[in-house]
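The values are calculated or read from the model by the stated rules, or taken from the named source; none is laboratory data. Keep in mind that this is a model prediction, so the values were computed, not measured. For neighbour counting, all protein chains shown are included, and Cβ atoms are generated from backbone atoms with ideal geometry for every residue, glycine included. The protein model used for the area step is the full one, side chains on, heavy atoms only, and it has no ligands, DNA or RNA in it. Shrake-Rupley method; radii C 1.70, N 1.55, O 1.52, S 1.80 Å.
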Protein chains: 2
Amino acid sequence: MARAYNFSAGPATLPLEVLEEAQGELLNYKGTGMSIMEHSHRGKAYMAVHAEAIANTRELLGLSDDYAVLFLQGGASLQFAMLPMNLLGAGQTADYTNSGSWAAKAIKEAKLIGNVNVAADCGKEIPTRVPTESELQLTPGASYVHITSNETISGAQWKTFPKTEAPLVADMSSDILSRPFDASQFGLIYAGAQKNLAPAGMALVILRKELAERVPSTVPSMLKYSTHIENDSMFNTCPCFTIYMYMLVTRWIKKTGLDALYTQNVNKAARLYSAIDSSDFYKGTAVPECRSDMNVTWRLPSEELEAAFIKEAADAGFSGLKGHRSVGGIRASIYNAFPAEGVDALVAFMKDFEARNG
Amino acid sequence: MARAYNFSAGPATLPLEVLEEAQGELLNYKGTGMSIMEHSHRGKAYMAVHAEAIANTRELLGLSDDYAVLFLQGGASLQFAMLPMNLLGAGQTADYTNSGSWAAKAIKEAKLIGNVNVAADCGKEIPTRVPTESELQLTPGASYVHITSNETISGAQWKTFPKTEAPLVADMSSDILSRPFDASQFGLIYAGAQKNLAPAGMALVILRKELAERVPSTVPSMLKYSTHIENDSMFNTCPCFTIYMYMLVTRWIKKTGLDALYTQNVNKAARLYSAIDSSDFYKGTAVPECRSDMNVTWRLPSEELEAAFIKEAADAGFSGLKGHRSVGGIRASIYNAFPAEGVDALVAFMKDFEARNG
């Protein structure tokens, strides 16, 4: 089988060995005569998957017992609403940083629920970037401070996280488990699964359990973190197959180790940025100190050349390089599972394309 | 491979040929060099899956253009909240019928949002049943009338649907696409996927588009039906793999036809009910005229005998027969994909067990 180089921003490439394992046991999970998709979520076979998925997360992020690990439906987009519904009390203010499209979406939804202070706004700047810690105008006594750790569309990433008095909350959809970090800095972390974690259809939510106690009693059961903490993410039928895939992916991450994986990710990104910087033809979208290791974004001298680049790349087996429709340009998403040889092949293609069109 | 007889109430048995097709193309979807799980939800390969999933639904249920077909996350449990958040305006009343555990959950969540009138309550009666149309005490000018078409736990099913002035809404989680019915009777239908439709992780929602216009502007984007109608269920990354599986399952249903499938379902259920009725040892839980064709529930003379029955059945390869932990007893869930020979095998086991213990 010729495996495509899939630069899609999400759903994204998954580790081949994970896909192979899932395929091998898809009809008969561990000799039970059923697919893992067919097992009751309250049965022994699935419960072991669920428990390992949580244990792997705890181990990889070094989570203390103060934190709960939840598998929820609705992706990060539903978290944009659940977060303020649970943590932003009446008369309080939440601080949000605007670093681009995804931060702006989080802000928009939070404003429907309560008071929002935009503590820094560089959301529309080109070159793209995230705020610096010193420019944050934080609210004394804020409910929480929200950041978007990696802007999937603009390709800007927080390299270190700000120190805040209020609980720090991060949308880590596009860089969770791509690098080690101190999880105890955070009150709550959420991430859509379809980039580094699993197929689409799940959000990983990690939170200090005490924060879940703030929720008003009028919030529906499914939208309360406390419901899911009390029921170990099984208040209703959880997305079992997606969690199973997540378990396999986290097992795969553990095998390499988060530190080694991070080194690989930095190296992959560095090769692409080096190709961009060594050329006058390609121009990186993000300011150098905020460049994402996950979503590498750049422009060509014209939109016509960008269209030709994307088309020729697709013909050469590089899929998903078109920048997000809202901003254009080129975007190479190179998550954990994206192979280094695919990056090298793209760099060679870029040099060739420039030689022919530069 | 020895395939188990899986009587689980959900996640439940899936058609073997669907699982085989998914397995065959899991690593390389139609020669694209990627799994369907890895394809962008906005790419050509997945978009065709999405479109077919919607088209199959429209065809199987004969839906007019007045209806939207949505694939949402959060299962039926999130619909318990979304429904009143969207359709139950301030100062209005929604009528709910209480027919058992699932209807009661829908009522509990709706009460958090607005005024609820319980139009009939037989939720705790034993033998279990659903209300009759004549006992409904409906509210003039109600926002909608809610029924649970099949109570998965109690095994009671609405055989015909009430005529109501207000839009009729049904939770059809456990019997959707198991029988033909006139969808134009309904304002809104929702169903968790993990019984007749697909693996867990999705709710199918079918609604008259005009009803979505009622939603207050303060409802978060992800919780508004109008958002998902406008974006064809792609406001955020949809649960692509689950929708792919749903597409394969609906293709499989189309091949048999809903009428023929219904005949099969009735026949399967009739064989089990006949085994129950021809014995003094087994006793059906639901009143005969409300007996579910999907979830067949019965009791044995004692809880000890029930425990022995479940254990011996499991040893003989019959999985998932234990009644819901809230009510006990025996439950055989025999959805569309459950094979007739599995029902015959269970009937033989029942006769043997009775002979040894009766």
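The distance between label points at A:E303 and B:K111 comes to 5.6 nm (points 7 Å beyond Cα on the Cα→Cβ vector). Extension gain, B:E125-B:K311: 0.36 nm per intervening residue step, less the Cα-Cα distance, totals 64.2 nm.
Would you kindly give the portion of the calculated P(r) for the protein assembly as shown that falls above 43 Å, as a percent of all Cα pairs? In whole percent, the long-distance tail amounts to 27.
Excluding same-chain neighbours fewer than eight residues apart, the aspartates and glutamates reachable from B:K195 by a Cα-Cα span under 14 Å are A:E38, B:E151, B:D171, B:D175, B:D293.
The fraction of all Cα pairs in chain B landing in successive 10 Å bins from 0 to the largest distance is 5, 25, 31, 24, 12, 3, 0, given as whole percents. For the listed peptides A:35-43, B:50-58, B:263-271, A:208-216, a ranking on the average number of other beta carbons within 10 Å per residue, highest first, reads A:35-43, B:50-58, B:263-271, A:208-216. When +1 charges are put on Lys and Arg Cβ atoms and -1 charges on Asp and Glu Cβ atoms, the dipole computed for the protein assembly as shown relative to its Cα centre reaches about 140 debye. Placing pseudo-labels 7 Å out from each Cα toward the beta carbon at B:D277 and A:E25 gives an inter-label distance of 4.4 nm. Farthest towards the positive end of the charge dipole of the protein assembly as shown, among the residues A:M37, A:N267, B:G329, is the Cα of B:G329, using unit charges on the Cβ of Lys, Arg, Asp and Glu.
Counting only protein heavy atoms and a 1.4 Å probe, the protein assembly as shown has 36 square angstrom of accessible area per residue.
Here the contact order of the stretch B:16-256, divided by its residue count and restricted to Cα pairs under 8 Å and six or more residues apart, works out to 25 percent. Give, ordered by residue number, each residue of the stretch A:170-204 whose 1.4 Å probe accessible area is reduced by a minimum of 40 Å² on adding the remaining protein chains to the chain alone. The answer is A:A200 - residues whose exposure falls by at least 40 Å² when every protein chain is included. Surface composition of the protein assembly as shown: carbon plus sulfur atoms contribute 51% of the solvent-accessible area (1.4 Å probe, protein chains only, all chains present). For a straight C-alpha distance cut-off of 16 angstrom, the lysines reachable from B:K105 (same-chain residues fewer than eight places away being disregarded) are A:K224, B:K124. The convex hull around the C-alpha trace of the stretch B:257-357, projected and averaged over every direction, spans 6.4 square nanometres. The accessible area of A:L14, taken with all protein chains in place and a 1.4 Å probe, comes to roughly 10 Å².
Considering only chain B, what is the antiparallel percent among its DSSP beta bridges, to the nearest 5?
50 percent
Which residues, if any, in the stretch A:65-80 have at least 50 Å² less accessible area in the whole protein complex than in the isolated chain, probe 1.4 Å? Output list: A:Q73, A:S77, A:L78.
The stretch between A:E230 and A:K163 holds 21.1 nm of extra length on full extension. This uses 0.36 nm per residue minus the Cα-Cα distance. For the chain pair A and B, the buried solvent-accessible surface (1.4 Å probe, both sides summed) amounts to about 4700 Å².
Spacing of the modelled spin labels on B:A355 and A:D352, each 7 Å from Cα toward Cβ, amounts to 7.3 nm.
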